[in-house]
Amino acid sequence: MTVRPLNSQEQNRNDTFCAQFHGGGRLEIQNFNQPKQFGYNVVFEPEASQEDVFDNSGMKKLIDMALNGYACTALAFGQTGSGKTHTMTGPPQQLYEEEFEGGKHPDPDMVGLMQRSFTYLLQQAESVAGNKVIRASYLEIYNEQVIDLLNPNQKRYLQVRWSKNKGFYVENLFVAECESVDDLMAVLEEGQLSSLSI
Ligand SMILES: Nc1ncnc2c1ncn2[C@@H]1O[C@H](COP(=O)(O)OP(=O)(O)OP(=O)(O)O)[C@@H](O)[C@H]1O
């Protein structure tokens, strides 16, 4: 669980912070003066850095497991504006290596779980014996329709199918073979640009 700081709009209308942190994954919410207690594996307080979240969210363990052959998923879930994108990729300018529109430069401290995972994955893959091939796809599911973000000109929605050998898969999904962090970053940037223009 990550709890983001109050944004400027919330500060301007004098919203008060309703969360209290009791350590050990325990969180208390004041719900109209009725305290409600919640328990999580980890709670990241508003001051937590992107590095804290990467180091303590279990992402490294997931990547280690993926390299050992397990299918792994990282999922961000929360209401609109709660910080899913911030956690996964950081603010938008973190995605582009070149100077961002408006003169902002990427801040390496602000990059999110995805970019940090790329670096960790490549480091770990090098230390694991045997040939490893990294392939990346990027799709969006919106209103139960699948869109290929690496091939957005394909006008049709893609079909989800099942086969005995592959299990569930998305038919005709573009797959990019990646050898470096830069290759993975290019996939992320390409997909993000497509999702903004859809
Ligand atoms: N931990 C954080 N620290 C500072 N700012 C944050 C944090 N989390 C989110 N924000 C800011 O809050 C705003 C909303 O966050 P974000 O866009 O990540 O939400 P979201 O859950 O992806 O929303 P949506 O579902 O609408 O796309 C952004 O301006 C983001 O930079």
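Those helices (runs of 4 or more DSSP H) of segment 55-142 in which 2 or more residues are modelled with pLDDT under 90 occupy 113-127. Counting residues in segment 32-46 that are among the small types (Gly, Ala, Ser), outside any strand (DSSP E or B) and either open to solvent by less than 70 Å² (accessible area, probe 1.4 Å) or away from the ligand (no atom under 13 Å from the Cβ) (or both) gives zero.
All conditions in (1) assigned by TED's automatic domain parsing to the domain that holds Val128; (2) exposed (fewer than 10 other Cβ atoms within 10 Å of the Cβ); (3) over 16 Å from the mean Cα position of the chain (by Cα) hold for Asn14, with the sole exception of (1). Filtering Leu188, Leu184 for residues that are more than 16 Å from Thr85 (Cβ to Cβ) and surrounded by 15 or more Cβ atoms within 10 Å (Cβ to Cβ) leaves a single hit, Leu184. Scanning segment 2-24 turns up one or more residues that are within 14 Å of the ligand (Cβ to nearest atom), among the aliphatic types (A, V, I, L, M) and closer than 30 Å to Thr119 by Cα.
The values are calculated or read from the model by the stated rules, or taken from the named source; none is laboratory data. Because the structure is predicted, anything quoted here is derived from the model rather than measured. All Cβ positions, even for glycine, are placed from backbone atoms using ideal geometry, and neighbour counts span all protein chains on display. Quick note on the areas: whole protein, heavy atoms, side chains included, nothing else; ligands and nucleic acids left out. Shrake-Rupley method; radii C 1.70, N 1.55, O 1.52, S 1.80 Å.
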